[in-house]
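Everything below concerns the one structure shown next.
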Amino acid sequence: MKVAIVSMLLAASGVLAAPADEMLEKRSGPGIVKAADSQIGVDYVYGGGGCKGPSKGGFDCSGLTQYSVCKAQGKTIPRTAQEQYHSSMGKRIPRGEAKPGDMLFWATGGDCKNKVAHVGIFVKAGTMVNAAHTGTKVRQQAIWTSYGGESICPDAVRFW
């Protein structure tokens, strides 16, 4: 009888609402990748997207990362790539130690302190998901080391 009452209370509070593997995924990087992957095919739009999903018709790079962390982790990270890179909400790790769901960053002229201009989500070795630039869609693609005057930053950031 006591077990039944406790189970009913936990179910009513939502604690038992999600299967254990789903709850674990939401607290880990793969949940962030899954959220980003759910937006594959959505247009890149400068200034687009956020916690509620695409806006202005799509996502930009940091709008996609903000959405993915909100969806998977239930927390709102800063909106711009520069703010995300320097956020105290995340943990800096060497890029070579990145795991699925970690954020990778690029900076103009390699100035990761002041000019972070792009962010993507690490999927696996050599692959990221991102909203790259006008004329593209959210997609998985090879990780760039440099792109259009931007160089990859030495650290990744983990928000999970």
Per-region count, region 38-71, residues part of a helix (DSSP H, G or I) and touching a helix residue (DSSP H, G or I) at 6+ places or on another chain (Cβ under 9 Å)
10
Out of Gly53, Gly109, Gly41, Gly74, I need the residue that is under 25 Å from Pro154 (Cα atoms) and not hydroxyl-bearing (Ser, Thr, Tyr). Which one?
Gly109
Which residue pairs have Cβ atoms closer than 7 Å, lie 6 or more positions apart in sequence or on different chains, and pair a first residue in region 51-70 that is without any contact (Cβ under 8 Å) to a residue 40 or more places away in the chain with a second residue that is in a helix (DSSP H, G or I)?
Cys51/Gln66; Cys51/Tyr67; Cys51/Cys70; Gly53/Tyr67; Tyr67/Ala35
Mind checking which residues of region 106-128 are free of Cβ contacts under 8 Å to residues at least 12 places away in the same chain and basic (Lys, Arg)?
Lys113
When residues of region 99-149 are limited to those that are within 15 Å of Ser62 (Cβ to Cβ) and among the small types (Gly, Ala, Ser), the one nearest to the chain's Cα centre (by Cα)
Gly120
Kindly check whether there is at least one residue in region 10-25 that is modelled with pLDDT of 95 or more and surrounded by fewer than 20 Cβ atoms within 10 Å (Cβ to Cβ).
no
Does region 72-96 hold any residues that are free of Cβ contacts under 8 Å to residues at least 40 places away in the same chain and either basic (Lys, Arg) or part of a strand (DSSP E or B) (or both), and which are they?
Arg79
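The values are calculated or read from the model by the stated rules, or taken from the named source; none is laboratory data. Just so you know, these numbers come straight off a predicted model, no measurement behind them. No Cβ is skipped: glycine too gets one built from the backbone with ideal geometry, and neighbour counts run over all protein chains shown.
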